[in-house]
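The values are calculated or read from the model by the stated rules, or taken from the named source; none is laboratory data. This structure is a prediction, so every number in the text was calculated from the model and none was measured. Cβ coordinates were reconstructed from backbone atoms using ideal geometry, including for glycine residues, and neighbour counts include every protein chain displayed. Keep in mind that these areas ignore ligands, DNA and RNA; they rest on the heavy atoms of the full protein, side chains included. Shrake-Rupley method; radii C 1.70, N 1.55, O 1.52, S 1.80 Å.
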Amino acid sequence: SSLDEVMADFIDLEMGDYVVHEEYGIGQFLGLSSLEKEGVVGDYLLLQFAGGSKVYVSTTQLHLVQKFIGHGEGEPELSRVGSRSWELKKKKARIAINRIVMELVHRQAYREQQVGFAFSADSKEQRIFEAAFRYTDTSCQSRAAAQIKRQMESDKAMDHLLCGDVGFGKTEVAMRAAHKAVLEHRQVAVLAPTTILAEQHYRSFKARFGATQGLAEKIGVVSRFHTAKENQQVLLKVAAGEVMVLIGTHRLLSQDVNFADLGLFILDEEQRFGVKQKEVLKARFPAVDVLSLSA
């Protein structure tokens, strides 16, 4: 139907999903309705707010509605229509956003002033590693890898965003950058948004680095799939410089995760992390090279 097409274009909602209306606050999506107003039949989203208040939102006003993306667990509190509470929350949010923006500006300015580590040009070992790739590079893949390595060879801290659809080969490009770092005895942190993805990366890195003698044993992972004792043993090896590539989820951002000599931070699916999460390692290691991967 035409309504379904409009919904698909603007918003992805299921019955019962929480939404945020720019003017009314947090509500709950109850479905779609057709209403007659002044002799004209129109399509509307039906939203419910605190106290059972209902608001019909015309499909021409869909830009005012977005799906609620909460922080933490539990259901959000519905807003009360007509209350000043939502306006106060928006004001506090604007103040917090302005503060975060200023922090980001100052941090980036500080990074710009730092002298980073200038990696050497590709060695014979690096060329052998890349030649061991089972598939033929695409032109985009080769170009991306070359650009990233050139930036790593600069003494300016790298901030590179690599965008590509599934199947582009972003992980291979990231592994080449990681291998280049490890060859110069600089550690690599690989941050993934989920435990399953972290474990997949761990297996991929182990298999790929197995082509280079001894390097596969220098890759570690911390996740809930391993015992607390196993994770702690890996972190001790990271601090001692025995593990050169550490893969994990948000656990990598904890203060008790200490690197002997971090040189490269790889952030996979960066769009799934919050701003502050992405800035934690940059704040601790202002001169480290950062490679972000995004679909």
Do you know which residues across the stretch 98-140 are loosely packed, with under 13 Cβ neighbours inside 10 Å and among the basic types (K, R)?
-> R99, K124, R127, R134
How many of the residues making up the stretch 119-132 are more than 26 Å from the chain's Cα centre (by Cα) and in a loop (DSSP other than H, G, I, E, B)?
-> 5
Answer yes if at least one residue in the stretch 282-293 is surrounded by fewer than 14 Cβ atoms within 10 Å (Cβ to Cβ) and in contact with a Lys or Arg (Cβ under 7 Å, 6 or more places away or on another chain), and no otherwise.
-> yes
Kindly indicate whether any position in the stretch 197-215 is under 17 Å from the mean Cα position of the chain (by Cα), of a type in the set (D, E, K, R) and within 19 Å of F119 (Cα to Cα).
-> no
Of Q213, Q233, the only residue that is at pLDDT below 95, open to solvent by 50 Å² or more (accessible area, probe 1.4 Å) and more than 23 Å from E270 (Cβ to Cβ) is Q213
Conditions (1) farther than 24 Å from G274 by Cα; (2) open to solvent by 80 Å² or more (accessible area, probe 1.4 Å); (3) not small (G, A, S); number of the one not met by E22 | (1)
Of all residues in the stretch 141-172, how many are open to solvent by 40 Å² or more (accessible area, probe 1.4 Å), in a helix (DSSP H, G or I) and under 20 Å from S204 (Cβ atoms)?
-> 2
